[in-house]
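> Quick one: the structure is below, and I'll ask about it shortly.
The values are calculated or read from the model by the stated rules, or taken from the named source; none is laboratory data. Bear in mind the structure is a predicted one, so any value in this text is a computation, not a measurement. Every residue, glycine among them, receives a Cβ derived from its backbone with ideal geometry; neighbour counts consider all protein chains shown. The protein model used for the area step is the full one, side chains on, heavy atoms only, and it has no ligands, DNA or RNA in it. Shrake-Rupley method; radii C 1.70, N 1.55, O 1.52, S 1.80 Å.
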Amino acid sequence: MQLLKPFSYSRRFPNIEVIGSAFAGNQGNQDNLIPLSFGFPAPESLPVDKMTAATEAAMQTQGRYALAYSGGAGVNDVINWIKERSKLREIKAKENEILVTAGSSQAIDLVTRTLTDPGDEIWVEAPTFFGALKTFQLAETKLTSFPIDENGLRVDLVEQELSERVKNNLPLPKLMYVIPNFQNPGGVNLSVDRRKRLTELAYEYNFFIIEDDAYVELSFDGTFAPAIYSYGPERVVYLSTFSKIIAPGLRLGWAIGLTEIIEKMRILKIDGLTSVYVQEVTKNLLDQIDMDEHISYLNSLYLSRKNAMVSAIKQYFGNDVTFHEANGGFFLWITFPCHIDTSEFIDAAASAGVSYIAGKHFFLKDEGYNHMRLSFTFCQEDIIEEAIKRLANIYYEYVNSKQIIEGVN
(Lines give C-alpha, C1' and ligand atoms only; values in the text may rest on other atoms or scores of the structure.)
Protein backbone atom coordinates (compact mmCIF):
# COMPACT_ATOMS: atom_id res chain seq x y z
CA MET A 1 0.00 0.00 0.00
CA GLN A 2 1.46 3.33 -1.06
CA LEU A 3 1.62 6.29 1.30
CA LEU A 4 -0.53 9.24 0.32
CA LYS A 5 1.38 12.41 -0.35
CA PRO A 6 0.02 15.81 0.76
CA PHE A 7 -2.32 17.27 -1.82
CA SER A 8 -2.96 20.97 -2.40
CA TYR A 9 -6.69 21.66 -2.65
CA SER A 10 -8.19 24.64 -4.47
CA ARG A 11 -7.57 28.01 -2.87
CA ARG A 12 -11.16 29.01 -3.65
CA PHE A 13 -12.37 27.88 -0.24
CA PRO A 14 -12.42 30.82 2.18
CA ASN A 15 -12.10 30.25 5.89
CA ILE A 16 -15.84 30.21 6.54
CA GLU A 17 -18.00 27.96 8.65
CA VAL A 18 -20.35 25.54 6.88
CA ILE A 19 -23.80 26.63 8.02
CA GLY A 20 -27.29 26.53 6.57
CA SER A 21 -30.49 24.49 6.48
CA ALA A 22 -29.15 22.34 3.63
CA PHE A 23 -26.44 21.12 6.01
CA ALA A 24 -28.70 20.69 9.03
CA GLY A 25 -29.17 16.94 8.54
CA ASN A 26 -32.11 15.62 10.52
CA GLN A 27 -32.06 18.41 13.06
CA GLY A 28 -35.76 19.03 12.56
CA ASN A 29 -36.51 15.43 13.49
CA GLN A 30 -34.58 15.21 16.76
CA ASP A 31 -37.07 14.53 19.53
CA ASN A 32 -35.07 16.35 22.18
CA LEU A 33 -34.21 19.47 20.18
CA ILE A 34 -36.59 22.31 19.40
CA PRO A 35 -35.20 23.83 16.19
CA LEU A 36 -35.52 27.62 16.09
CA SER A 37 -32.41 27.88 13.96
CA PHE A 38 -32.93 27.07 10.32
CA GLY A 39 -35.89 28.03 8.14
CA PHE A 40 -37.75 24.75 8.15
CA PRO A 41 -41.37 24.95 6.92
CA ALA A 42 -44.16 23.58 9.10
CA PRO A 43 -44.28 19.81 8.51
CA GLU A 44 -48.07 19.88 8.16
CA SER A 45 -47.76 22.50 5.40
CA LEU A 46 -45.99 20.09 3.07
CA PRO A 47 -48.55 18.82 0.52
CA VAL A 48 -47.66 15.13 0.81
CA ASP A 49 -50.93 13.67 -0.49
CA LYS A 50 -51.16 16.08 -3.42
CA MET A 51 -47.48 15.53 -4.20
CA THR A 52 -48.07 11.78 -4.29
CA ALA A 53 -50.90 12.24 -6.78
CA ALA A 54 -48.82 14.69 -8.81
CA THR A 55 -45.96 12.20 -8.98
CA GLU A 56 -48.27 9.45 -10.17
CA ALA A 57 -49.74 11.78 -12.79
CA ALA A 58 -46.25 12.71 -13.99
CA MET A 59 -45.46 9.07 -14.67
CA GLN A 60 -48.81 8.32 -16.27
CA THR A 61 -48.91 11.31 -18.61
CA GLN A 62 -45.28 12.28 -19.26
CA GLY A 63 -43.27 9.35 -17.90
CA ARG A 64 -40.86 8.68 -20.76
CA TYR A 65 -40.41 12.38 -21.46
CA ALA A 66 -40.10 13.40 -17.82
CA LEU A 67 -37.32 10.86 -17.31
CA ALA A 68 -35.34 12.08 -20.33
CA TYR A 69 -32.84 14.96 -20.45
CA SER A 70 -35.19 17.47 -22.05
CA GLY A 71 -38.24 16.69 -19.91
CA GLY A 72 -41.91 16.75 -20.74
CA ALA A 73 -44.57 19.43 -20.95
CA GLY A 74 -43.98 20.46 -17.35
CA VAL A 75 -40.79 22.33 -18.22
CA ASN A 76 -42.65 24.95 -20.23
CA ASP A 77 -45.66 24.90 -17.92
CA VAL A 78 -43.54 25.80 -14.88
CA ILE A 79 -41.98 28.69 -16.82
CA ASN A 80 -45.46 29.94 -17.75
CA TRP A 81 -46.62 29.68 -14.13
CA ILE A 82 -43.64 31.77 -12.99
CA LYS A 83 -44.33 34.33 -15.72
CA GLU A 84 -47.98 34.71 -14.70
CA ARG A 85 -47.32 34.72 -10.94
CA SER A 86 -44.63 37.37 -11.37
CA LYS A 87 -47.23 39.81 -12.67
CA LEU A 88 -48.42 40.15 -9.05
CA ARG A 89 -45.04 41.81 -8.36
CA GLU A 90 -45.49 44.04 -11.44
CA ILE A 91 -42.90 41.97 -13.30
CA LYS A 92 -43.55 41.49 -17.00
CA ALA A 93 -41.16 38.82 -18.26
CA LYS A 94 -40.92 36.75 -21.41
CA GLU A 95 -40.18 33.03 -21.39
CA ASN A 96 -36.58 33.59 -22.54
CA GLU A 97 -36.02 35.94 -19.61
CA ILE A 98 -36.75 33.19 -17.04
CA LEU A 99 -34.37 30.46 -15.90
CA VAL A 100 -35.44 27.65 -13.56
CA THR A 101 -32.62 26.78 -11.16
CA ALA A 102 -31.82 24.26 -8.44
CA GLY A 103 -33.20 26.51 -5.72
CA SER A 104 -32.60 30.24 -5.52
CA SER A 105 -29.13 29.54 -4.09
CA GLN A 106 -28.00 28.22 -7.47
CA ALA A 107 -29.49 31.33 -9.04
CA ILE A 108 -27.39 33.53 -6.74
CA ASP A 109 -24.29 31.60 -7.76
CA LEU A 110 -25.05 31.80 -11.48
CA VAL A 111 -25.80 35.52 -11.39
CA THR A 112 -22.62 36.17 -9.43
CA ARG A 113 -20.40 34.23 -11.82
CA THR A 114 -22.13 35.79 -14.84
CA LEU A 115 -21.75 39.40 -13.75
CA THR A 116 -18.48 39.44 -11.79
CA ASP A 117 -14.85 38.39 -12.04
CA PRO A 118 -12.58 37.67 -9.08
CA GLY A 119 -11.69 40.97 -7.42
CA ASP A 120 -14.90 42.75 -8.46
CA GLU A 121 -16.99 44.37 -5.74
CA ILE A 122 -20.36 43.20 -4.43
CA TRP A 123 -22.25 45.30 -1.88
CA VAL A 124 -24.59 43.67 0.60
CA GLU A 125 -26.90 44.45 3.48
CA ALA A 126 -25.76 44.08 7.09
CA PRO A 127 -27.04 41.70 8.31
CA THR A 128 -27.79 39.46 5.35
CA PHE A 129 -28.28 35.82 4.28
CA PHE A 130 -25.12 33.88 5.14
CA GLY A 131 -25.58 31.58 2.13
CA ALA A 132 -25.22 34.53 -0.22
CA LEU A 133 -22.11 35.72 1.63
CA LYS A 134 -20.55 32.30 1.15
CA THR A 135 -21.39 32.34 -2.56
CA PHE A 136 -19.79 35.75 -3.02
CA GLN A 137 -16.69 34.72 -1.09
CA LEU A 138 -16.30 31.54 -3.15
CA ALA A 139 -16.50 33.73 -6.27
CA GLU A 140 -13.48 35.63 -4.87
CA THR A 141 -15.22 38.99 -4.94
CA LYS A 142 -14.62 41.91 -2.58
CA LEU A 143 -17.52 42.65 -0.24
CA THR A 144 -18.76 45.84 1.40
CA SER A 145 -21.80 45.99 3.66
CA PHE A 146 -24.37 48.65 4.52
CA PRO A 147 -26.75 48.66 7.50
CA ILE A 148 -30.49 48.16 7.45
CA ASP A 149 -33.14 49.87 9.56
CA GLU A 150 -36.90 49.43 9.95
CA ASN A 151 -37.33 50.45 6.27
CA GLY A 152 -34.69 48.11 4.89
CA LEU A 153 -31.34 48.88 3.31
CA ARG A 154 -29.94 52.35 4.07
CA VAL A 155 -29.90 53.43 0.45
CA ASP A 156 -28.76 56.91 1.48
CA LEU A 157 -25.49 55.41 2.75
CA VAL A 158 -25.12 53.43 -0.47
CA GLU A 159 -25.57 56.64 -2.46
CA GLN A 160 -23.06 58.45 -0.27
CA GLU A 161 -20.45 55.74 -0.78
CA LEU A 162 -21.02 55.66 -4.55
CA SER A 163 -20.45 59.41 -4.72
CA GLU A 164 -17.28 59.13 -2.65
CA ARG A 165 -15.96 56.34 -4.85
CA VAL A 166 -16.41 58.46 -7.97
CA LYS A 167 -14.76 61.49 -6.36
CA ASN A 168 -11.76 59.43 -5.32
CA ASN A 169 -11.56 57.37 -8.51
CA LEU A 170 -12.15 54.14 -6.60
CA PRO A 171 -13.81 50.94 -7.91
CA LEU A 172 -17.61 50.83 -8.07
CA PRO A 173 -19.66 47.73 -7.31
CA LYS A 174 -20.70 45.32 -10.02
CA LEU A 175 -23.57 43.95 -7.88
CA MET A 176 -25.80 44.99 -4.98
CA TYR A 177 -27.48 42.08 -3.17
CA VAL A 178 -30.81 42.91 -1.53
CA ILE A 179 -33.58 40.92 0.18
CA PRO A 180 -36.48 43.39 -0.14
CA ASN A 181 -39.32 41.52 1.60
CA PHE A 182 -39.15 40.10 5.14
CA GLN A 183 -35.40 40.35 4.99
CA ASN A 184 -33.36 37.39 6.19
CA PRO A 185 -32.58 37.78 9.05
CA GLY A 186 -33.92 41.26 9.88
CA GLY A 187 -37.56 40.69 8.91
CA VAL A 188 -37.90 44.23 7.51
CA ASN A 189 -39.23 45.39 4.13
CA LEU A 190 -37.47 47.78 1.80
CA SER A 191 -39.66 50.86 1.39
CA VAL A 192 -41.00 51.80 -2.02
CA ASP A 193 -39.05 55.07 -2.06
CA ARG A 194 -35.84 53.20 -1.38
CA ARG A 195 -36.62 50.61 -4.06
CA LYS A 196 -37.04 53.39 -6.60
CA ARG A 197 -33.91 55.25 -5.51
CA LEU A 198 -31.76 52.10 -5.53
CA THR A 199 -32.73 51.36 -9.13
CA GLU A 200 -31.95 54.95 -10.11
CA LEU A 201 -28.50 54.53 -8.59
CA ALA A 202 -28.03 51.23 -10.46
CA TYR A 203 -28.59 53.03 -13.76
CA GLU A 204 -26.52 56.06 -12.79
CA TYR A 205 -23.52 54.10 -11.52
CA ASN A 206 -23.94 51.08 -13.83
CA PHE A 207 -24.27 48.18 -11.43
CA PHE A 208 -26.78 45.33 -11.18
CA ILE A 209 -29.10 44.51 -8.29
CA ILE A 210 -29.73 40.92 -7.23
CA GLU A 211 -33.26 40.99 -5.81
CA ASP A 212 -33.62 37.87 -3.66
CA ASP A 213 -37.37 37.63 -3.06
CA ALA A 214 -37.69 34.21 -1.42
CA TYR A 215 -40.27 35.31 1.19
CA VAL A 216 -42.51 37.60 -0.85
CA GLU A 217 -45.57 35.32 -0.73
CA LEU A 218 -45.47 35.10 3.07
CA SER A 219 -47.08 38.46 3.81
CA PHE A 220 -49.33 38.08 6.84
CA ASP A 221 -51.54 41.03 5.90
CA GLY A 222 -51.59 40.14 2.20
CA THR A 223 -49.99 43.38 1.03
CA PHE A 224 -47.09 43.55 -1.41
CA ALA A 225 -44.85 46.32 -2.69
CA PRO A 226 -43.83 46.23 -6.36
CA ALA A 227 -40.61 44.35 -6.99
CA ILE A 228 -37.42 46.36 -7.35
CA TYR A 229 -37.26 44.75 -10.80
CA SER A 230 -40.42 46.62 -11.82
CA TYR A 231 -38.57 49.94 -11.47
CA GLY A 232 -35.46 48.91 -13.38
CA PRO A 233 -35.65 45.64 -15.36
CA GLU A 234 -32.45 46.44 -17.27
CA ARG A 235 -30.43 46.59 -14.05
CA VAL A 236 -32.12 43.99 -11.79
CA VAL A 237 -32.03 40.20 -11.71
CA TYR A 238 -35.04 38.94 -9.75
CA LEU A 239 -34.85 35.64 -7.85
CA SER A 240 -37.48 33.59 -6.07
CA THR A 241 -38.23 29.98 -5.11
CA PHE A 242 -40.80 27.26 -4.50
CA SER A 243 -38.98 26.33 -1.28
CA LYS A 244 -40.98 28.59 1.02
CA ILE A 245 -44.41 28.01 -0.52
CA ILE A 246 -44.38 24.31 -1.50
CA ALA A 247 -41.34 22.41 -0.21
CA PRO A 248 -37.60 23.07 0.02
CA GLY A 249 -36.87 19.49 -1.03
CA LEU A 250 -38.03 20.31 -4.56
CA ARG A 251 -34.89 22.46 -5.01
CA LEU A 252 -36.63 24.63 -7.58
CA GLY A 253 -36.07 28.34 -7.84
CA TRP A 254 -35.86 30.83 -10.67
CA ALA A 255 -34.17 33.93 -12.02
CA ILE A 256 -35.69 36.67 -14.17
CA GLY A 257 -33.46 39.08 -16.05
CA LEU A 258 -32.34 40.43 -19.38
CA THR A 259 -32.22 37.79 -22.10
CA GLU A 260 -28.47 38.18 -22.54
CA ILE A 261 -27.91 37.60 -18.81
CA ILE A 262 -30.19 34.57 -18.70
CA GLU A 263 -28.44 33.09 -21.74
CA LYS A 264 -25.02 33.52 -20.13
CA MET A 265 -26.35 31.92 -16.95
CA ARG A 266 -27.50 28.94 -19.06
CA ILE A 267 -23.93 28.52 -20.33
CA LEU A 268 -22.59 28.43 -16.77
CA LYS A 269 -25.35 26.06 -15.69
CA ILE A 270 -23.53 22.94 -16.81
CA ASP A 271 -26.17 20.61 -15.36
CA GLY A 272 -28.55 21.58 -18.17
CA LEU A 273 -32.26 21.84 -17.46
CA THR A 274 -33.06 21.72 -13.77
CA SER A 275 -34.49 18.40 -12.59
CA VAL A 276 -37.04 18.00 -15.37
CA TYR A 277 -38.79 15.18 -13.52
CA VAL A 278 -39.31 17.38 -10.45
CA GLN A 279 -40.60 20.13 -12.72
CA GLU A 280 -43.13 17.70 -14.17
CA VAL A 281 -44.33 16.76 -10.69
CA THR A 282 -44.43 20.43 -9.66
CA LYS A 283 -46.48 21.31 -12.73
CA ASN A 284 -49.05 18.67 -11.78
CA LEU A 285 -49.13 19.90 -8.21
CA LEU A 286 -49.70 23.49 -9.36
CA ASP A 287 -52.61 22.22 -11.45
CA GLN A 288 -54.16 20.60 -8.36
CA ILE A 289 -53.98 23.40 -5.82
CA ASP A 290 -55.45 26.86 -5.57
CA MET A 291 -52.22 28.73 -4.90
CA ASP A 292 -53.91 31.77 -3.35
CA GLU A 293 -55.82 29.52 -0.98
CA HIS A 294 -52.62 27.62 -0.15
CA ILE A 295 -50.70 30.84 0.51
CA SER A 296 -53.52 32.06 2.74
CA TYR A 297 -53.27 28.83 4.74
CA LEU A 298 -49.50 29.24 5.13
CA ASN A 299 -49.83 32.84 6.25
CA SER A 300 -52.50 31.99 8.81
CA LEU A 301 -50.37 29.18 10.18
CA TYR A 302 -47.16 31.21 10.36
CA LEU A 303 -48.83 34.33 11.74
CA SER A 304 -50.15 32.29 14.67
CA ARG A 305 -46.69 30.87 15.34
CA LYS A 306 -45.03 34.25 15.03
CA ASN A 307 -47.51 35.70 17.52
CA ALA A 308 -46.77 32.83 19.90
CA MET A 309 -43.04 33.57 19.68
CA VAL A 310 -43.54 37.31 20.16
CA SER A 311 -45.74 36.70 23.19
CA ALA A 312 -43.24 34.26 24.73
CA ILE A 313 -40.29 36.59 24.18
CA LYS A 314 -42.13 39.42 25.90
CA GLN A 315 -43.13 37.12 28.76
CA TYR A 316 -39.74 35.53 29.41
CA PHE A 317 -37.30 38.24 28.32
CA GLY A 318 -39.31 41.37 29.12
CA ASN A 319 -37.47 44.52 28.13
CA ASP A 320 -34.06 42.86 28.11
CA VAL A 321 -34.22 42.26 24.36
CA THR A 322 -35.65 44.14 21.37
CA PHE A 323 -36.79 42.97 17.95
CA HIS A 324 -38.64 44.06 14.84
CA GLU A 325 -41.98 42.26 14.73
CA ALA A 326 -41.84 40.92 11.19
CA ASN A 327 -45.16 40.86 9.36
CA GLY A 328 -44.17 37.92 7.19
CA GLY A 329 -41.38 35.54 6.33
CA PHE A 330 -39.79 32.98 8.62
CA PHE A 331 -37.73 34.81 11.23
CA LEU A 332 -37.41 37.16 14.18
CA TRP A 333 -34.12 39.01 14.67
CA ILE A 334 -33.43 39.45 18.37
CA THR A 335 -31.14 42.14 19.77
CA PHE A 336 -29.54 41.73 23.20
CA PRO A 337 -27.55 44.34 25.16
CA CYS A 338 -24.38 45.33 23.32
CA HIS A 339 -22.01 43.46 25.65
CA ILE A 340 -23.74 40.10 25.03
CA ASP A 341 -22.26 37.49 22.68
CA THR A 342 -24.98 35.01 21.70
CA SER A 343 -22.41 32.52 20.40
CA GLU A 344 -21.18 32.05 23.98
CA PHE A 345 -24.34 30.27 25.15
CA ILE A 346 -25.37 28.47 21.98
CA ASP A 347 -23.99 25.14 23.21
CA ALA A 348 -25.76 25.51 26.54
CA ALA A 349 -28.99 26.20 24.69
CA ALA A 350 -28.52 23.10 22.55
CA SER A 351 -27.94 21.05 25.71
CA ALA A 352 -31.23 22.45 27.02
CA GLY A 353 -32.90 21.37 23.78
CA VAL A 354 -33.12 24.61 21.78
CA SER A 355 -31.22 25.67 18.67
CA TYR A 356 -30.76 29.13 17.16
CA ILE A 357 -28.24 30.90 14.93
CA ALA A 358 -25.87 33.39 16.48
CA GLY A 359 -25.91 36.85 14.93
CA LYS A 360 -22.25 36.95 13.91
CA HIS A 361 -22.92 34.62 10.96
CA PHE A 362 -24.99 37.26 9.16
CA PHE A 363 -22.27 39.91 8.95
CA LEU A 364 -19.15 40.50 6.93
CA LYS A 365 -17.35 42.37 9.64
CA ASP A 366 -16.57 41.44 13.21
CA GLU A 367 -19.98 42.49 14.49
CA GLY A 368 -23.48 41.29 15.25
CA TYR A 369 -22.49 39.31 18.35
CA ASN A 370 -25.44 40.61 20.38
CA HIS A 371 -28.04 39.25 17.95
CA MET A 372 -29.66 35.91 17.23
CA ARG A 373 -32.05 34.68 14.56
CA LEU A 374 -35.07 32.61 15.56
CA SER A 375 -37.35 30.76 13.14
CA PHE A 376 -41.03 30.56 14.11
CA THR A 377 -42.31 28.37 11.25
CA PHE A 378 -41.45 24.77 12.14
CA CYS A 379 -42.81 24.32 15.66
CA GLN A 380 -46.32 24.50 17.04
CA GLU A 381 -47.26 27.31 19.40
CA ASP A 382 -46.89 25.43 22.68
CA ILE A 383 -43.49 24.11 21.63
CA ILE A 384 -42.38 27.62 20.68
CA GLU A 385 -43.34 28.89 24.13
CA GLU A 386 -41.40 26.08 25.81
CA ALA A 387 -38.37 26.81 23.60
CA ILE A 388 -38.34 30.50 24.46
CA LYS A 389 -38.73 29.66 28.15
CA ARG A 390 -35.70 27.35 28.00
CA LEU A 391 -33.74 29.88 26.00
CA ALA A 392 -34.47 32.62 28.53
CA ASN A 393 -33.36 30.39 31.40
CA ILE A 394 -30.07 29.65 29.62
CA TYR A 395 -29.57 33.32 28.82
CA TYR A 396 -30.05 34.52 32.39
CA GLU A 397 -27.78 31.77 33.70
CA TYR A 398 -25.16 33.00 31.23
CA VAL A 399 -25.62 36.63 32.31
CA ASN A 400 -25.37 35.72 36.00
CA SER A 401 -22.22 33.64 35.49
CA LYS A 402 -20.69 36.42 33.41
CA GLN A 403 -21.38 38.94 36.18
CA ILE A 404 -19.83 36.64 38.80
CA ILE A 405 -16.69 36.17 36.72
CA GLU A 406 -16.37 39.90 36.05
CA GLY A 407 -16.93 40.60 39.75
CA VAL A 408 -14.10 38.23 40.68
CA ASN A 409 -11.80 39.87 38.20
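> Which of the residues that make up region 305-328 are in contact with a helix residue (DSSP H, G or I) (Cβ under 8 Å, 6 or more places away or on another chain), open to solvent by less than 30 Å² (accessible area, probe 1.4 Å) and not hydrophobic (A, V, I, L, M, F, W, C)?
305, 328
> When you scan region 45-55, do you find a residue that is modelled with pLDDT of 70 or more, part of a helix (DSSP H, G or I), open to solvent by 60 Å² or more (accessible area, probe 1.4 Å) and in contact with a Leu (Cβ under 8 Å, 6 or more places away or on another chain), even just one?
Yes, some residue in region 45-55 is modelled with pLDDT of 70 or more, part of a helix (DSSP H, G or I), open to solvent by 60 Å² or more (accessible area, probe 1.4 Å) and in contact with a Leu (Cβ under 8 Å, 6 or more places away or on another chain).
> For region 163-177, give me each residue that is in contact with a Pro (Cβ under 8 Å, 6 or more places away or on another chain) and crowded, with 20+ Cβ neighbours inside 10 Å.
Once the filter is applied, which keeps residues that are in contact with a Pro (Cβ under 8 Å, 6 or more places away or on another chain) and crowded, with 20+ Cβ neighbours inside 10 Å, region 163-177 yields nothing.
> Do we have any residue at all in region 225-241 that's of a type in the set (A, V, I, L, M, F, W, C), touching a residue at least 40 places away in the same chain (Cβ under 8 Å), in contact with a Leu (Cβ under 8 Å, 6 or more places away or on another chain) and surrounded by fewer than 20 Cβ atoms within 10 Å (Cβ to Cβ)?
yes
> Look at residue 35 and say whether it is within 19 Å of residue 247 (Cβ to Cβ), in contact with a helix residue (DSSP H, G or I) (Cβ under 7 Å, 6 or more places away or on another chain) and surrounded by fewer than 17 Cβ atoms within 10 Å (Cβ to Cβ).
no
> Next up: Which of the residues belonging to region 57-69 are of a type outside the set (A, V, I, L, M, F, W, C) and either open to solvent by 80 Å² or more (accessible area, probe 1.4 Å) or under 24 Å from residue 290 (Cβ atoms) (or both)?
Those that are of a type outside the set (A, V, I, L, M, F, W, C) and either open to solvent by 80 Å² or more (accessible area, probe 1.4 Å) or under 24 Å from residue 290 (Cβ atoms) (or both): 60, 61, 62, 64, 65, 69.
> Turning to a different aspect of this structure: Which members of region 318-345 meet the condition of being part of a loop (DSSP other than H, G, I, E, B) and among the polar types (S, T, N, Q)?
Selection gives 327 alone.
> With buried (at least 21 other Cβ atoms within 10 Å of the Cβ), at pLDDT 95 or above and either part of a loop (DSSP other than H, G, I, E, B) or not small (Gly, Ala, Ser) (or both) as the only criterion, which of 388, 394, 383 stands out?
Testing whether each residue is buried (at least 21 other Cβ atoms within 10 Å of the Cβ), at pLDDT 95 or above and either part of a loop (DSSP other than H, G, I, E, B) or not small (Gly, Ala, Ser) (or both) leaves just 388.
> Is there a residue in region 71-85 that is touching a helix residue (DSSP H, G or I) at 6+ places or on another chain (Cβ under 9 Å), part of a strand (DSSP E or B) and in the same structural domain as residue 214 (by the TED database)?
Within region 71-85 (the criterion being touching a helix residue (DSSP H, G or I) at 6+ places or on another chain (Cβ under 9 Å), part of a strand (DSSP E or B) and in the same structural domain as residue 214 (by the TED database)), the answer is no, since none of the residues qualifies.
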